[in-house]
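The values are calculated or read from the model by the stated rules, or taken from the named source; none is laboratory data. The structure presented is a predicted model; accordingly, all values stated were derived computationally and were not measured. Note that each Cβ is placed from the backbone with ideal geometry, even for glycine, and that neighbours are counted across all protein chains shown.
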Amino acid sequence: MKTPIQLRLNGEEVAAFADDGANLLDVLRESFGDLTVKGGCWQGTCGTCTVLVGGNPRLSCVTLAESCSGNSVETVAGLRRGADLHPLQSAFMEHFAAQCGYCTPGMLMAAKALLDRNPNPTREDVVDAICGNICRCTGYEPIIAAILDAARKGARRSA
Amino acid sequence: MLEMRKDIFADERDDDLREVGRPTQRQDILGHVTGTSAYYDDHRFANLLHLKVLRSPHAHARIRSIDDAAASRAPGVKRIIRGADVPVNLNTLLSLIQFGKDDEPSLATDTVRYKGEPILAVVATSERAAREALELVRISYDSLPAVFDVEEALKPGAVPVNPAYPKNTFDYHGKYDHQKLRFGDVEAAFAKADMVLEERYQMSPIEHAPTETNGSIAVPDTNGRFTVYTSTQALFFSLDTSAKINAMPSNQLHFVGGTVGGGFGGKVDTLTEPLAILAARLTGAPVRYRLSRHEEMQFGSPRGAERIYIKDGLMRDGRIVARKVRAYFDSGAYTRLSSYAVVKCVAHIPGPYTIPNVHADVYCVFTNRTPATAMRGFGVTALDFALECQMDKGAVAIGMDPLEFRMLNAYRDGDMKAHRRVAKNCALIECAQVAAEKAQWPLREEFRRMSSRKGGGEARPEVVADRSRAPAPAGTPRSPASTPQRVAYDRPQVDAKPPPSPPRDVPSPAGAPPSGSTHGVRRFSSIFGTRRR
Ligand code: FES
Ligand code: FES
């Protein structure tokens, strides 16, 4: 059996039929072709697959796709505005916050969820926001520095 | 900030290392932050099939029978692959460089030798269909006694793990059951030493746990070739291994890799490509074989466990006069790269210290555990852990500052190493001095003046351990030594001044071996046991 799924994916209305019980990770990758979303454990333990559903960070591998129908979903594919990078993306580059890059999409979305609701986070807030995201390469410090820097720069721009 | 100490490395490099101390942006960083870097699993193919393997629940068992009739009729199943279907069902990773015997099947046929060993593969239209079909396979086993401890595995009468190596040890050059290092006479030195310190160290296996699990997709091409998208860290190595197992010429394989979601040594074993290619051959369709997180953590080969015994002979003045090492590397059930790790380990003994009597025996041992492989400095890392713990214990036993104890025993230029190579471009002492300064760790004057240059820069300093003194807290001034003893043992006191650095590019006299620069010098390859350029 197939189930209709309708989402606002990075601002675009999209629809597809997915297998019953399909998770959001598979539907984003296989039905909507958004390969920026990565899977690392497919069991809700690594944070790699983090996307925003209705603005909240969600582990897409353990989110029933059907349950998101009618909701907005944000992924890294929607972070960039044309040629311009999101401040988080530039900060990740400047701070060398990605090595293999596999955890990066999930990290960026977890960080975006934080900055969207708290533009001036403390270091503790940042650590808390990414505590469910595993990175095996960078050692976290560059990631934390990048997120804090993006927050500072974002704040300056809106001031 | 890093700096290049030209005074130490004057004759080593002639460039000025513009990159040292400065970050360099990765060329793939833009892809990473935009999520557009293509990992192996970011390639899409119509009618992709999925491969899953059935793994042994036993550490050691004989397979009595396999019943896959129900599984082969399960919905979505396209093909079941058994050991008999694998063209060359026995391989060892380093066979490509003629090192070791073929000992590991792609799919076990009669015996399983570790928990998690693959026995049979199901190729189906979805991962879920493949998993559900695996549930329908019935295998009956006769369980066999298993051995999990390296020293137990070497005892007479121990269960033989791997028929290629009936003594449970890897064969070096077809005749040696371990690697040896002999230099001087440790037993005589122990007899004369003021103190003997013997300790045991054990390191557990460590899983690399890359965020992207091992996997590959094999795609049949129209010209009889196969394109393979893979997470491998060793592209050509995996290509040749896959060609061998599939008994096909390597020019029928086109491997595409490059962007790897973390490896750390855990993606050099060619775990998935051979079966993915075989499945693509048998079905004519693209096939993906991707490890689940559980498989990656439980059955992906880890850094091997090592057990290391170190016995040191120490003098009251802080000199180490003898070091005896006995170590066992747990290779698991088959040889992946532990055999080579042992070679690296022996090459690293006794650490960066000049010790006149060294004796080492290091074994690569087979047990019924997950085969172990490469991981970040494997062979050396665990040994260093053991050696440096031993150095701290030695310093405490002697009553000497642990940093000074290391500096006292550190290699100097011109020292003869246990491997009968002359030490050169040594800088451990200088590194220790800089580290001590930055950490505000007080060093006595003679240690601040010490040098790695030949003979210690100037005459070798006179130092003595002060047994009454525990390692002093930072900031405590040191009292000068009372009864100085020379530490330059076994080594003539020549050259009161540091030798002038030889000018570069001066041609050596005809017939003399080249010196100074290492360019063009034949190097020793311990794997081949031969010299190569
Ligand atoms: S892939 Fe979803 S949490 Fe790991
Ligand atoms: S950069 Fe490799 S896991 Fe984070």
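Go through region A:91-106 and report how many residues are within 7 Å of chain B (Cβ to nearest Cβ) and in a loop (DSSP other than H, G, I, E, B). Residues in region A:91-106 being within 7 Å of chain B (Cβ to nearest Cβ) and in a loop (DSSP other than H, G, I, E, B): 6 in total. Output the residue which, of all residues in region A:9-41 that are surrounded by fewer than 21 Cβ atoms within 10 Å (Cβ to Cβ) and among the polar types (S, T, N, Q), is farthest from ligand 2 (Cβ to nearest atom). Filtering first and then ranking leaves A:Ser31. Restricting region B:208-254 to residues that are within 16 Å of ligand 1 (Cβ to nearest atom) and touching a residue at least 60 places away in the same chain (Cβ under 8 Å), which is farthest from A:Thr138 (Cα to Cα)? Going through the qualifying residues, I end up with B:Gly215. Residues of region A:75-90 that are assigned to a helix (DSSP H, G or I) and more than 9 Å from every other protein chain (Cβ to nearest Cβ): A:Gly78, A:Pro87.
When region A:129-152 is limited to residues that are in contact (Cβ under 8 Å) with a residue 60 or more places away in the chain and within 14 Å of ligand 1 (Cβ to nearest atom), the one that is surrounded by the most Cβ atoms within 10 Å (Cβ to Cβ) turns out to be A:Asn133. The one condition from (1) within 16 Å of ligand 2 (Cβ to nearest atom); (2) within 15 Å of the chain's Cα centre (by Cα) that A:Met93 does not meet is (2).
Taken across region A:62-69, residues that are within 16 Å of ligand 2 (Cβ to nearest atom) and within 14 Å of chain B (Cβ to nearest Cβ) do not occur at all. Of the residues making up region A:100-128, just one is within 16 Å of ligand 2 (Cβ to nearest atom) and surrounded by fewer than 19 Cβ atoms within 10 Å (Cβ to Cβ), namely A:Val127. Among the residues of region A:43-61, just one is under 18 Å from A:Asn118 (Cβ atoms) and within 16 Å of ligand 2 (Cβ to nearest atom), namely A:Thr50. Only one of the listed residues (A:Leu64, A:Leu88) is surrounded by fewer than 21 Cβ atoms within 10 Å (Cβ to Cβ) and either within 16 Å of ligand 1 (Cβ to nearest atom) or within 12 Å of the chain's Cα centre (by Cα) (or both). That residue is A:Leu64.
Examine region B:159-169 for a residue that is within 23 Å of B:Tyr201 (Cβ to Cβ), assigned by TED's automatic domain parsing to the domain that holds B:Ile308 and surrounded by fewer than 18 Cβ atoms within 10 Å (Cβ to Cβ), and state whether such a residue exists. Checking region B:159-169: not a single residue is within 23 Å of B:Tyr201 (Cβ to Cβ), assigned by TED's automatic domain parsing to the domain that holds B:Ile308 and surrounded by fewer than 18 Cβ atoms within 10 Å (Cβ to Cβ). Restricting attention to region A:4-20, the residues being more than 16 Å from the chain's Cα centre (by Cα) and either of a type in the set (D, E, K, R) or within 16 Å of ligand 1 (Cβ to nearest atom) (or both) number 4.
Applying the condition of being within 20 Å of A:Leu79 (Cβ to Cβ) and part of a loop (DSSP other than H, G, I, E, B) to region A:121-141 and asking which residue is farthest from the other protein chains (Cβ to nearest Cβ) yields A:Pro121. Take the conditions (1) away from chain B (no Cβ under 14 Å); (2) surrounded by fewer than 21 Cβ atoms within 10 Å (Cβ to Cβ); (3) touching a strand residue (DSSP E or B) at 6+ places or on another chain (Cβ under 6 Å); A:Gly44 misses just one of them, which is (1).
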